[in-house]
Each structure stands twice: as C-alpha cells, then as structure tokens.
Amino acid sequence: MSEARTDTEAVELANTAFYDAVERGDFEQVADLWLDDRHGDVSCVHPGWPVLSGRGEVLRSYALIMANTEYIQFFLTDVHVSLAADTAVVTCTENILSGGPAEDGAELGPLVGQLVVATNVFRRTPDGWKVWSHHGSPVLAESDDEEDDEDTV
C-alpha cells in the first residue's frame, strides 16, 4: 500500500472521528482532535457565525453547541481528501439532523434537517492528523417562488 493512500485513509479516519465525537457530545475527544498551540493557531467558522480564532475560542464554541444540542447526527457525502506534504484538505457535505431540548414532556424536541458544505483542514503532527481549521457554510435551498420567477423570465 502506498504512503499517500495510507495518509488519505488516516485523514479520512480523523475526519470521521471529529464528526463522531461531536455527535456523541464528547468534548474531550473533540478537544483532542484539534491542533494544539504548539503546532499553530486554529480557526473555525460555524454556519452563520463570525470567524473564531485560537484554540480556546474554538473549543468554547463546541462546548456551547454541544450543551445546547440534545441530538445531532451527521451524514457525510461528497467527501474528498487532498494531500500536500503535512497538510490535508477535506471537503464534504454535512447532511445534519439535529434536535433541541424537548418541549411539553417529550423526550426530544423537533428534529431539523440542514445542509452544510464544509472544508476541514488537517495538519500532520507526531500525534496524528489534527484539525487546523473548519469552515461550514449553509446551502441555501431554492424556494418554489424563486423557481416560478425563473420560469417567467
């Protein structure tokens, strides 16, 4: 097996581990998967949020998201890994199903679907591939009104 293939598989595993940890609400694992300060400054853009810079600010955002999300599941599609030396870029589509706190005695609040395109940049470290940057951008669905407008042009 070639080294490039091994690196690609290792990055894919790190990417999957990142989403799995968020799904489980495992803050310690999420923190472990992000690059530490010895290897560079991290950044993160959650859909609709400003740029977050620095490990502390980024990890606080995940703690906040996990504390306020009762349920979240990611179905990743269109996953593509590009490698260049000790840097890897993963692009993917996050098909997200999430739910907030329950209302009226229900076990879980209403589930909401969301489509986000994401770029995850990883950096090779002695401890394996770590997230250097995450950028998620919502995919805006066309409404029926927009389609009707196009038909009349």
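Computed from the coordinates by the stated procedures, all read-outs in this text should not be read as laboratory data. Owing to the predicted nature of the structure, the values given are computational and were not obtained by experimental measurement. Please note: Cβ atoms are built from the backbone with ideal geometry, for glycine as well, and neighbour counts cover all protein chains shown.
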Förster-model FRET efficiency, 41 Å R0, Q114 and T6, C-beta, rounded to 0.05: 0.80
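Determine the shape class of segment 6-71: with a ≥ b ≥ c the square roots of the Cα gyration tensor eigenvalues, call it rounded for a/c under 1.5, and otherwise prolate if a/b is greater than b/c, oblate otherwise. Numbers along the way, then the final one.
Details: a/c = 1.76, a/b = 1.16, b/c = 1.52.
The shape class here is oblate.
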Once you place label points 7 Å from the Cα toward the Cβ at V79 and T125, how far apart are they in nm? 2.1 nm
What residues have an amide H closer than 5 Å to that of T125, excluding those fewer than 5 places away on the same chain, when H is modeled at 1.01 Å from N in the peptide plane? K130
Could the peptides 39-49, 61-71 be put in order, highest first, of the mean number of other beta-carbon atoms found within 10 Å of their residues? 39-49, 61-71
